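One structure below.
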Amino acid sequence: MDNKNKIEDKVSIWCIISLASIPLVMTLGNSMLIPVLPILEKKVGISSFQSSMIITSYSVAAIFLIPVAGYLSDRFGRKKIILPSLIFALIGGLIAGFASWKMDNPYTWIIIGRVLQGVGASGAMPIVLPLVGDLYKNDDEKTSSCLGIIETSNTFGKVLSPILGSLIAALLWFLPFFSISIFSLISILLIFFFVKVPKEKDEPVKLKVFLSNIKKTFKEEGKWLFTVFLNGIFVMLVLFGMLFFLSENLEKAHHIKGIKKGFVLAIPLLLLCIASFITGRKIKGNLTIIKRMMIICLIATSVSVVFVGYTKEKLILLLIVTSIVGIAIGALLPVLDAIITGNIVKEERGTVTSFYSSARFIGVAAGPPIMSLVLKNYLNVSYITVGILGLILLFLVFKFVKVDEIEEKSTI
């Protein structure tokens with residue numbers, strides 16, 4: 001019996017590692033290009049706004065296709081959607097890389113490759129959240145802990161991205177595109193061999209019944225769900241806008257470039273990663289703790305983000321402020337994952353979490369282009385506005401995230 005348990009533990013560890021590889025790969029696929037954007041602008045001959053679209057095109061594709069992927073995963077199985085999606089991400093990287101390498105004017109083909117990668121992202125990373133819920137069906141503590149690992153993998157990807165992106169681009173500026181394909185291939189092999197999805201005993205519900213159930217879920221749970229969705233948009237908007245600003249500012253104001261810039265960018269992201277890991281371990285599916293963490297993180301983000309623009313000329317202060325923002329966002333991400341995954345019935349979990357993931361990608365898509373537009377003349381005003389938006393979200397959390405009601409409905 002002990003040997004059997006050891007085997008099961010070994011399999012489950014590899015399963016978690018395999019699942020964690022997906023957000024790592026998808027994050028590298030996007031964030032790794034942020035420190036490379038100034039190089040891309042020079043090599044391809046594009047503006048700051050055009051370079052921001054290399055990040056945005058990936059995210060826009062994902063926004064619209066994530067809900068479709070969520071439904072298909074509920075209907076046909078998580079693994080059957082994840083694997084083809086990772087293949088799309090692999091192909092997209094090859095297209096963008098080959099165009100950059102061989103073409104005189106590669107921008108359009110880079111965007112096409114990025115859109116294909118976005119299609120891949122839509123059917124890979126968002127499906128991981130409900131799959132974790134499937135694997136730990138009635139164990140909120142293990143679900144929260146595993147989601148913490150998944151979110152930490154996501155944030156670790158963000159830490160690794162600027163360093164890895166700068167290192168790879170130092171060899172050849174277009175190599176980051178090809179490296180995304182290699183990482184995708186590794187993830188494909190891990191998922192194929194090590195993720196054993198629980199077999200379904202019940203027939204999947206028909207589309208009409210499914211849509212009716214989803215409509216009922218949003219009608220009954222809509223207020224707190226939409227509050228969580230808005231939080232997802234907000235944190236990704238702040239994070240990716242701030243990263244884009246830091247990447248540009250470090251080069252132009254502080255003359256920090258290349259690999260050194262990658263390491264500096266990684267400082268707030270490392271703290272974000274640590275905060276995400278610790279929070280995921282501590283919340284244990286407890287809704288009271290989850291709500292309390294949402295409140296603390298929103299206050300910390302709203303207050304600290306206001307000072308980002310004011311410290312842009314003072315590197316140490318800038319890194320302190322952005323690190324505080326990073327810690328707050330890092331602590332908030334696994335909390336948002338846990339409240340969604342733990343309180344939606346399994347049959348609708350894939351679709352509902354996919355809407356949440358789609359909401360997050362709205363923030364990812366909007367952050368860089370908005371920052372490129374406000375960077376010169378409206379930087380401080382934009383960060384003050386973000387701080388006010390955070391306080392509005394804080395009010396919504398107080399009003400609509402009602403622990404007793406959510407717990408009562410989730411146990412029915």
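The values are calculated or read from the model by the stated rules, or taken from the named source; none is laboratory data. What you see is a predicted model, and the numbers here were worked out from it, not measured in a lab. Note that we place each Cβ from the backbone using ideal geometry, even for glycine, and neighbour counts take in every protein chain shown. Surface areas here come from the heavy atoms of the whole protein model, side chains and all, with no ligands, DNA or RNA. Shrake-Rupley method; radii C 1.70, N 1.55, O 1.52, S 1.80 Å.
Annotations
- Order of exposure, largest accessible area first, which applies to Leu90, Leu373 with probe 1.4 Å: Leu373, Leu90
- Pairs from Lys142/Lys208; Lys284/Lys402; Lys43/Lys376; Lys42/Lys314; Lys80/Lys261 whose Cα-Cα separation, in the structure shown, is over 28 Å: Lys142/Lys208; Lys80/Lys261
- Computed accessible area, Trp14, all protein chains, 1.4 angstrom probe, square angstrom: 100
- GNM result for the chain, Cα springs below 10 Å: residue of Leu171, Leu28, Leu239 fluctuating most strongly: Leu171
- Relative to one another, the C-alpha centroids of segment 311-363 and segment 28-62 are positioned 22 Å apart.
- Answer label, with volume of the Cα convex hull per residue in Å³ calculated from the coordinates and candidates [x] 132; [y] 124; [z] 167: [x]
- The chain: DSSP helices with Cα axial extent of at least 18 Å and average Kyte-Doolittle hydropathy no lower than 0.0: 2-31, 48-76, 78-102, 107-122, 140-171, 175-194, 207-252, 258-283, 287-305, 315-341, 346-374, 379-400
- When Glu220, Glu151 are compared by accessible area at a 1.4 angstrom probe, the order from most to least is Glu220, Glu151.
- The chain - percent of accessible surface contributed by carbon and sulfur, probe 1.4 Å: 68
- Accessible surface area normalised per residue over segment 314-412 is 42 Å², counting heavy atoms of protein chains with a 1.4 Å rolling probe.
- When all protein chains stay in place and ligands, DNA and RNA are ignored, the 1.4 Å accessible-area order of Asp337, Asp404, largest first, is Asp404, Asp337.
- For segment 242-307, the per residue solvent-accessible surface stands at 42 Å², with DNA, RNA and ligands left out and a 1.4 Å probe.
- What separates the Cα centres of segment 231-252 and segment 176-198 is a distance of 28 Å.
- Enclosing the Cα atoms of segment 253-407 in their convex hull gives a volume equal to 124 cubic angstrom per residue.
- Modelled this way, with points 7 Å down the Cα-to-C-beta line, the labels at Lys208 and Lys399 are 3.8 nm from one another.
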